[in-house]
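First comes the structure, then the notes that go with it.
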């Protein structure tokens, strides 16, 4: 694999290979983007702006131009692999089951679906239909990104929000949560149906996006030579431990087992009640702890980060204010072989200082 946007790719992929084995290769992994020298932050292309709208509405040339401009402005020091995912929005998995994604002029950077399940008995069994219009468009968009990125960036996996997140969107969060008490057996049946779609959906997206082979698999700048994806369930922040263990945890374990490596996206302080159960999910994977708005940044939750490493997992360390000064004390506390640092947006010179310090002090 060769990427014109990424220098020293051989050494980078070697470090990723060691990281996924829990081995240290000279220093911790660093995943970051840096403004090229002479660039101005205020002129930087907003790579996330309207990306779902452009993708879903077929305005792909606008999205590709946005990507082109961004790639001209930034570099990728450390181990970040340039990649873009063919995402249609957080509730896209629910759209694959018949819901319609909705946009608002007041929220151009996200979208949602209106609930479509009024009665579980009538809706079950849930069956994914490959000819689904939204899914077929996503496959076409994946192929488009693969052509556009050839030799420059990889196509990453989608932000899945499968399992209970998709059911919550299809039913509506309030009714879904009440259903856990009123008809848990129907929710369990629905989850079992939803789980059947996970592997075939991912395989189809991987084929369309040209993933695998020499390219390996990328997501959010992470890279693995074999199957790799984020596993998550954001709705668990509103669910108690008993329902989580009985209904949702088996789905998360199954999804993680579908991939050679992965990372778990744990979102919000109310989700921490499930941390012990999540860390017990088998395998070596990365915990991405997202504290949420109004909370101290990820890198200040040292107790959570250390607990994950003590459980045999790796951690991603990131958040506003993470720079060389704040990395130095963390480096004394965390296992460097199982840590991925993602500093705040830095200049190339600042990024070089971080990498040099880690090399000299690991």
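The values are calculated or read from the model by the stated rules, or taken from the named source; none is laboratory data. These numbers come from a predicted model, not from an experiment. Cβ sites come from the backbone with ideal geometry, for glycine too, and all protein chains shown count toward neighbours.
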Q. Which residues, counting only those in the range 22-34, are touching a residue at least 60 places away in the same chain (Cβ under 8 Å) and surrounded by fewer than 20 Cβ atoms within 10 Å (Cβ to Cβ)?
A. 22, 23, 24, 26
Q: Please indicate, with yes or no, whether at least one residue in the range 1-9 is loosely packed, with under 14 Cβ neighbours inside 10 Å and at pLDDT 95 or above.
A: yes
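Residues checked against (1) in a helix (DSSP H, G or I); (2) buried (at least 16 other Cβ atoms within 10 Å of the Cβ); (3) within 23 Å of the chain's Cα centre (by Cα); (4) at negative phi:
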| site | (1), (2), (3), (4) |
| --- | --- |
| 138 | yes, yes, yes, yes |
| 147 | yes, no, yes, yes |
| 158 | no, yes, yes, yes |
| 164 | yes, yes, yes, yes |
| 169 | yes, yes, yes, yes |
| 174 | yes, no, no, yes |
| 179 | yes, yes, no, yes |
| 189 | yes, yes, no, yes |
Q: Would you confirm whether any residue within the range 63-75 is touching a strand residue (DSSP E or B) at 6+ places or on another chain (Cβ under 6 Å) and part of a loop (DSSP other than H, G, I, E, B)?
A: no
Q) Which of (1) touching a helix residue (DSSP H, G or I) at 6+ places or on another chain (Cβ under 7 Å); (2) under 22 Å from residue 208 (Cβ atoms); (3) assigned to a loop (DSSP other than H, G, I, E, B); (4) modelled with pLDDT of 95 or more is the odd one out, the single condition residue 81 does not satisfy? A) (1)
Q) So which pairs qualify, if the first residue must be in the range 92-107 and under 17 Å from residue 48 (Cβ atoms), the second must be modelled with pLDDT of 95 or more and assigned to a loop (DSSP other than H, G, I, E, B), the Cβ gap must be under 7 Å, and the two must be at least 6 apart or on different chains? A) 92/158; 101/88; 101/89; 101/91
Q.
Every residue in the range 228-246 that is out of contact with any helix residue (DSSP H, G or I) (no Cβ under 6 Å at 6 or more places or on another chain) and not in a helix (DSSP H, G or I), please.
A. 228, 229, 230, 232, 239, 240
